[in-house]
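So the structure is just underneath, and the comments pick up after that.
The values are calculated or read from the model by the stated rules, or taken from the named source; none is laboratory data. The structure displayed is predicted, hence computed values, not measured ones. Here the Cβ is made from the backbone with ideal geometry for all residues, glycine too, and neighbour counts use every protein chain on show.
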Amino acid sequence: MKNTATEILNPLPGVTIHADRARRRVSVRVRPGPAAHGPLRELLYRVLNAYEKRFTVSIAGVPFCFLPDAADHITAQPGTGAGGRLNICRDCRLRHACPGPGGPFFRRPDAGLRPVLAVPSEIVFEVNRKCNLACRVCSSRHLQEELSLPRVKRELARARRLGIKNVRFTGGEPFLHPRLLEMLSAARKNGFYVLVNTNATLLTPSLIKKAAPLMDNVLVSLQGWDAASDAAETGAAGLFAAKLRNIKALRRAVTTLRLGTVISAALPGVLDKYLGLAAGLQADIWELYRPMAGASPGRGREVTPALLRGLADRLETAAGTKPQVLFANPAPLCLFPARQAPLFLGARFDDGHTRLVLDPRGFYKPSYYIQKDLGRDLMAAWNSPWLKKLDKAGYAQGCRACVFRLRCLGGSRFLAGADGARRGGRDPWLRSGLTARK
């Protein structure tokens, strides 16, 4: 696209792309036409890959199942068609929001349609709850239980048969688990994309050498920008230098390196120091997390929507640069200008919307925070009425017409009281009368 404020393109018959650089929006409209589905699908993915880090990309005119792994970009709204006429509809997680199979995309033999989230996109193995640190922001309560290697291997085999692509290992501190390397090796042999969450303080050159070939994506908890702030947040002094050395070694050894920081009231005052550190460590992504008040005993209530808006205002100009900065857990997107949406992952990876967590006590649950026991069977947990009801709960009046609905998902179900009587309640930041984003 040319460097103009707005531009309209027609790259394929029946496809119009409207780029509004001032508003950081790329809108794609697809009309029934002669374009084959293969080239159309390829074009839409090319647009997403090129622009979604810097722009809000919305796609209208195709059903969710046309782009099942990018359905949150599709703006189809409920109530405009007749649903449930295809076999794939029964397994689609978004059938309640789909306009239905009345259009030409459902009738074409080359459609290649697949149900959205018939299985989780990721399984998280919470291998333990032990840790060598005592972070004020940590929601993990100490437990003696840990996942066994045979159990992990069984779940990996089941996930592979189901076609699940991503698995994540976390804790506690997962490198305290005596069989972690064997678990990582089993995941690699099964062909998964392997993610690992760690505080990186226990790593050694030898351990990194063994673990790195078994990991694709590593997220390192970074709760301080220097030795003093790190010690204050983690409750352990003298480990910051080792953490930095290990992060640099991981950077050389793995494909994707991410850093993660829980937001505090003090963060705006040291934001540039964190940004400088993340850039110096050559991180691909720096993730910021809204604290889960009540789950993180030392953090939460002092972080307000106004504080997040201030951070987003300062980070808006950094969209598309490296490291990419993302607000990586639930916050209602209607609290922020629409042009800032590329900064927010929303709630997609929380609260059981796209993934499940295997607790060290042996049962599946919706998220790290929601301790609901969904049972020991992966698909029974995924298809449980409790989880499906949670998935639909908590919207405000304007949410269902919002272009960001499938990214925002009404904010945090945990903070809405999912573990208690208010399971269908709203995120406390989601006010009545908020205007839907068009």
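Things worth noting here:
- Exactly one residue out of S264, S221 is buried (at least 18 other Cβ atoms within 10 Å of the Cβ), over 27 Å from V194 (Cβ atoms) and among the polar types (S, T, N, Q), and it is S264.
- Restricting attention to region 226-237, the residues that are within 10 Å of T201 (Cβ to Cβ) and surrounded by fewer than 19 Cβ atoms within 10 Å (Cβ to Cβ) add up to 1.
- Per this entry, T317 is counted among residues that are surrounded by fewer than 22 Cβ atoms within 10 Å (Cβ to Cβ), without any contact (Cβ under 8 Å) to a residue 12 or more places away in the chain and polar (S, T, N, Q).
- The residues of region 176-201 that are surrounded by 21 or more Cβ atoms within 10 Å (Cβ to Cβ) and of a type in the set (F, W, Y) amount to a single one, F192.
- Counted as qualifying within region 133-239 are the helices (runs of 4 or more DSSP H) with 1 or more residues that are under 27 Å from Q371 (Cα atoms), modelled with pLDDT of 95 or more and of a type outside the set (V, I, T), namely 149-162, 180-189.
- Against the conditions (1) part of a loop (DSSP other than H, G, I, E, B); (2) farther than 30 Å from D373 by Cβ, L277 satisfies every one except (1).
- Residue pairs whose Cβ atoms lie under 7 Å apart, sitting 6 or more positions apart in sequence or on different chains, and linking a residue in region 164-175 that is crowded, with 23+ Cβ neighbours inside 10 Å to a partner that is of a type outside the set (S, T, Y) and in a helix (DSSP H, G or I), are V167/L156; V167/A159; V167/A187; F169/L180; F169/M183; F169/L184; P174/L180.
- Unique residue being surrounded by fewer than 22 Cβ atoms within 10 Å (Cβ to Cβ) and in the same structural domain as R179 (by TED's automatic domain parsing) when the list is K322, K392: K322
- Matching residues, region 341-385, being without any contact (Cβ under 8 Å) to a residue 40 or more places away in the chain and polar (S, T, N, Q): N383, S384
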